[in-house]
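These notes are about the structure you will find just below.
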Amino acid sequence: MRLPEESEDTSFQINIVPMIDVIFAILTFFIMSTLFLTRSEGLPVNLPKAATAETQQQAPITVTVNGQGEIAINRQPVLLENLEATIRAQVGANESALVVINADASVSHGQVVAVMDRLRLIKGVKLAIATTKP
């Protein structure tokens, strides 16, 4: 007795199109979720480049000077006259606070020096200037 022809040549196929769709959906989820994992303390500015830049390990206080010369501390706007008092309040009794200056590359040198001068009046504060590697 002979089996019907269907059972002799039955070939199985694996359709991978739905699997590819699932993989792309998972990939999209991971890409979108990693975009929200970064934490930015300062305002967006175009940082100058420095080949000798080093990463700081302390949690810093970020002072941002944007392209228009406006100053912000941890994204909160502040006037140059109030900068020293605001930083003193945030530093408190911490003797080795790190203050990072995020100055836009287009800001005048005089504006950055004025900010640094105010910050140097606070005892125990260490200054750092944020840069990007070229």
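Just so you know, all these numbers are worked out from the coordinates, no wet-lab data involved. Owing to the predicted nature of the structure, the values given are computational and were not obtained by experimental measurement. Here the Cβ is made from the backbone with ideal geometry for all residues, glycine too, and neighbour counts use every protein chain on show.
Observations, loosely collected:
- Restricting the trypsin sites (Lys or Arg not before Pro) of the stretch 79-134 to loop positions (DSSP other than H, G, I, E, B) with no more than 10 neighbouring Cβ atoms within 10 Å leaves LYS123.
- Förster-model FRET efficiency, 35 Å R0, THR34 and GLU81, C-beta, rounded to 0.05: 0.30
- Label separation (ASP117 vs GLN90): 2.1 nm, computed from points 7 Å beyond Cα along the C-beta direction.
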